[in-house]
């Protein structure tokens, strides 16, 4: 067999082996997961629009669906005390904010379709801080929006992971 053909065959074997190793180790992209059966039909109550959007995206990415009403759902997630706060951490010598902290918190409860509590009230709190470059104000506003979106995503992952743990224990 010519050396070039042997090298091509070797590359293909290495690539195939790598793909098999990735597939067998359970590797999956962040945000994609297998949901417990009841989470395939979820109703979300009391959430803000950005949290609702992220929740719906996460459930749909895992092949689930958001219920239109609590009567259609297998699991009901009730959000309360949701808040997003922003505070100044440091000031420059001219009195302008150099650094901000974003604090996002909420409480949630899980119920089954009949209203039976699956998980009593739980709290989620997420904090992020970022530097506020006074020379790039527009970019910093976009950065803050991105950080807020990531905080909503993290809150949803936390809620879904806790729900998965409770449902798996039943």
In the stretch 63-75, anything within 24 Å of residue 151 (Cα to Cα) and in contact (Cβ under 8 Å) with a residue 40 or more places away in the chain is listed as 75
Within the stretch 120-147, restricting attention to residues that are modelled with pLDDT of 95 or more and in contact with a helix residue (DSSP H, G or I) (Cβ under 8 Å, 6 or more places away or on another chain), which residue is nearest to residue 56 (Cα to Cα)?
-> 124
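Residue-by-condition table, conditions (1) closer than 13 Å to residue 160 by Cα; (2) modelled with pLDDT under 85; (3) in a helix (DSSP H, G or I):
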| site | (1), (2), (3) |
| --- | --- |
| 6 | no, yes, yes |
| 13 | no, yes, yes |
| 23 | no, yes, yes |
| 26 | no, yes, no |
| 55 | yes, no, yes |
| 71 | no, no, yes |
| 78 | yes, no, no |
| 82 | no, no, no |
| 89 | no, no, no |
Is at least one residue of the stretch 147-167 surrounded by 15 or more Cβ atoms within 10 Å (Cβ to Cβ) and part of a strand (DSSP E or B)?
-> no
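The values are calculated or read from the model by the stated rules, or taken from the named source; none is laboratory data. As the structure is a prediction and not an experimental result, all values here were calculated from the model. So basically every Cβ, Gly included, is an ideal-geometry build from the backbone, and we count neighbours across all protein chains shown.
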